[in-house]
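For reference, the structure discussed in these notes is given below.
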Amino acid sequence: MKLKIGDQAPDFEGVTEEGKVIRLSDFKGKYVILYFYPKDDTPGCRAEALSFKENFGELTKLNAVIIGVSADSPESHKKFKEKYGLPFILVSDEENKIRELYGAKGFLLPPRITFVIDPEGKIIHIYSSQMNPTSHVKEAVEVIKKRTGK
């Protein structure tokens, strides 16, 4: 399934690093930055997560939540989150069901792709870049700022 801007974001259910079950629909009324990344605590994924952490306050002011998704276990996510003080949700997608739902699957490596979803659940931006992990947050911030006029 290839999603595009303007599509309704598929609802999903996943387990967080705390063992809680969440759904995308739990965040209706907020912007959601849903980012898929290859693996906890690898150089690119660490840089990406830390860039989201650095911009967390600004994104919170813009009524946005950040959800990172990878195939790592909830326990791995918990260690990754604690090690770097990540203030956002990490979801375990061990069977790649969420990746499949969003068309975020690759050939050899899982792709690094970010979806920005508006408060009504529509996809307003898609950014895919394996090689520029820190640019994902910049893209998300710009899109939300344009939408909100802030």
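The values are calculated or read from the model by the stated rules, or taken from the named source; none is laboratory data. Everything numeric here is computed off the predicted structure, so don't read it as measured data. In this analysis, Cβ positions are derived from the backbone assuming ideal geometry, glycine residues included, and neighbour counts consider all displayed protein chains.
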Subset of the stretch 119-142, residues under 17 Å from Glu54 (Cα atoms) and in contact with a strand residue (DSSP E or B) (Cβ under 6 Å, 6 or more places away or on another chain), comes to His136, Glu139, Ala140
Notebook entry, point to check: Any residue in the stretch 103-121 that is surrounded by 20 or more Cβ atoms within 10 Å (Cβ to Cβ), under 30 Å from Arg147 (Cα atoms), at pLDDT 95 or above and touching a Gly at 6+ places or on another chain (Cβ under 7 Å)?
Noted result: no
Flagged in the stretch 10-27 as of a type outside the set (D, E, K, R), on the phi < 0 side of the Ramachandran plot and more than 12 Å from the chain's Cα centre (by Cα), in numbering order, are Pro10, Phe12, Gly14, Val15, Thr16, Val21, Ile22, Ser25, Phe27
Counted residues in the stretch 99-150 being of a type in the set (Ser, Thr, Tyr) and either farther than 25 Å from Glu13 by Cβ or in a loop (DSSP other than H, G, I, E, B) (or both) come to 4
Here the residues within the stretch 76-102 that are more than 20 Å from Asp26 (Cα to Cα), among the aromatic types (Phe, Trp, Tyr) and crowded, with 20+ Cβ neighbours inside 10 Å are Phe80
Of the residues in the stretch 28-54 that are outside any strand (DSSP E or B) and buried (at least 19 other Cβ atoms within 10 Å of the Cβ), the one that is farthest from the chain's Cα centre (by Cα) is Asp40
When Thr148 is run through (1) under 16 Å from the mean Cα position of the chain (by Cα); (2) within 15 Å of Val32 (Cα to Cα), the failure sits at (1)
The condition of being among the hydrophobic types (A, V, I, L, M, F, W, C) and in a strand (DSSP E or B) holds, among Ile5, Ile22, only for Ile22
Going through (1) buried (at least 16 other Cβ atoms within 10 Å of the Cβ); (2) in contact (Cβ under 8 Å) with a residue 40 or more places away in the chain one by one, Tyr127 fails only at (2)
Discussion item. I'd like to check something: does the stretch 61-72 contain any residue that is assigned to a helix (DSSP H, G or I), surrounded by 15 or more Cβ atoms within 10 Å (Cβ to Cβ) and modelled with pLDDT of 95 or more?
Written reply: no
